[in-house]
Amino acid sequence: MKSVILNLAVAASFAAGAAAQPHHHGHHHHKKNAGAEKREVETTYVPATVTQYMLDDKVVSADEAKNGLDNGLYVVVGETTPTFTAPSAPAVTSSSSSTSKSDAVFIQKVTSSSSSSAAPTTTSSAPASTSSSSDSTGYATGIDADFPDGKIKCDHFPEEYGAVPLEWLGLGGWSGLQFTPSYKIGDLSISFIETGVKGMAKTTGFYSYACPEGYVKSQWPSAQGSTKQSVGGLYCNDDGYLELSRPESKTLCEPGVPGITINNKMEKNVAICRTDYPGIEAMVIPVDAQPGAVRELANIDSANYYYWDNKPTTLQYYVNQPGVSVEDGCVWDCAEDHDECGNWAPTILGVGQSTDGNTYISLFPNTPTSSAKPKMNINITGDVSIACYFQDGEYAVSDAGCTTTIPSGGKAVVTFTDA
Ligand SMILES: *[C@@H]1O[C@H](CO)[C@@H](O)[C@H](O)[C@H]1NC(C)=O
């Protein structure tokens, strides 16, 4: 998977029968020390140990996929979402952190940077030039301002409306591009999605973006990928203008649920990178925990956020090794230290507020993708239900990590200290 450029994640499980099971990705490591849990647990929590490679909606062999990737014929455009599903009841001493693992990788044939033969040729219905963008139009700006629907050109990154440009990705500030030449407003699903990579011509599709710390993106279409790929961002229409894709929210960003903070007590920074979801699902949305800094970690009320396949979702933060900058580490495939960075970061924090009002916070290793271990200690404290940490090379609870909860309105602090 070294030739990965970008990913487009799909939250699908391809294990037969597993799709209907929110816990299909869970572990059963805990059963060895939990005598009371028996067969149901074993049958419900199916560990995903096999990676399937999907090319144009078809499964291809791992060998074929790897050859294609190694030879630069394919790029990875996504994988199953590593979304953890919170336990339905507040965890007491439960060791069943229902974290999840990727089990399908979506690959795409590499096309030349100009018009690809594979792609339906809509080409750039290039935005007719003329004057500049919103600034001159007199609309109110700011993160709480309504986005002027259909008034700003697609080649203008809408920083004025709170979106945060991610220059290091080389996508004009956008966090991800999903070109959907055959999509029409009102479609129930999207059957053709091409992931934008550096240098690709601009065209119709979904342009995703980061929001500031503590905020989350509020734009994604109700139509999602027909093979359950997630799609997110503003819609760049055929005329070359940006439209709200979820018009019930007029802004680009919305405040998350407050209460979770990061406290970095080390002398090196930590790049914490949230997956862009729904969207291409690369771990590119940064929280830069500088030495000594306290930063907010956005959380969501899962019941009122993006649903994948009718299931509520959570936020996933890939935590890089100390000392990796957000520019270096908040990417899918890092230029340096490939095996411990970006998609291969050592550990993941998953957060989400459940309908019961509790926020579930999981800290779990990025296995089987990465075997790296954090070169620091991580401790989650505050109004937490159980201890959850990574200390001296071990996770609390089990090798699969831990899940703790805070009540509605509660606070949690994730502290990084030198190992
Ligand atoms: C985590 O922090 C709590 C509260 O300060 C402390 O009691 C506990 O010992 C810490 N755990 C680890 C593993 O450092």
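Values quoted throughout were computed directly from the atomic coordinates according to the rules given, and no laboratory measurement underlies them. Just so you know, these numbers come straight off a predicted model, no measurement behind them. Methodologically, a virtual Cβ is constructed for each residue, glycine included, from the backbone with ideal geometry; neighbour enumeration extends over all protein chains shown.
Observations, loosely collected:
- Full extension of the chain between residue 383 and residue 267 yields a length gain of 39.1 nm, computed as 0.36 nm times the residue separation minus the alpha carbon distance.
- Applied to segment 174-186, the Karplus parametrisation 6.51 cos²θ - 1.76 cosθ + 1.60 on θ = phi - 60° returns per-residue 3J(HN,Hα) values of 5, 8, x, 10, 10, 7, 9, x, 9, 6, 10, 3, x Hz, with x for Gly and Pro.
- Length added when fully stretched, residue 418-residue 325, from 0.36 nm per residue minus Cα-Cα: 31.8 nm
- A Förster radius of 25 Å combined with the Cβ-Cβ distance from residue 355 to residue 222 puts the calculated FRET efficiency at roughly 0.75.
- Ranked by how many other beta carbons lie within 10 Å on average, peptides 298-306, 206-214 from highest: 206-214, 298-306
- Straight-line cross-link reach from residue 375 at under 15 Å between alpha-carbon atoms covers these aspartates and glutamates, not counting any fewer than eight positions away in the same chain: 267, 337, 339, 340, 392, 394, 418.
- Structure note, pairs 268/311; 373/411; 153/411: Cα-Cα distances above 29 angstrom occur for 268/311; 153/411.
- Mean separation of Cα pairs under 8 Å and 6 or more residues apart, divided by the residue count, gives segment 219-350 a relative contact order of 22 percent.
- For residue 152, the residues whose modelled amide H falls within less than 5 Å of its own, excluding neighbours fewer than 5 places apart on the same chain, are 242.
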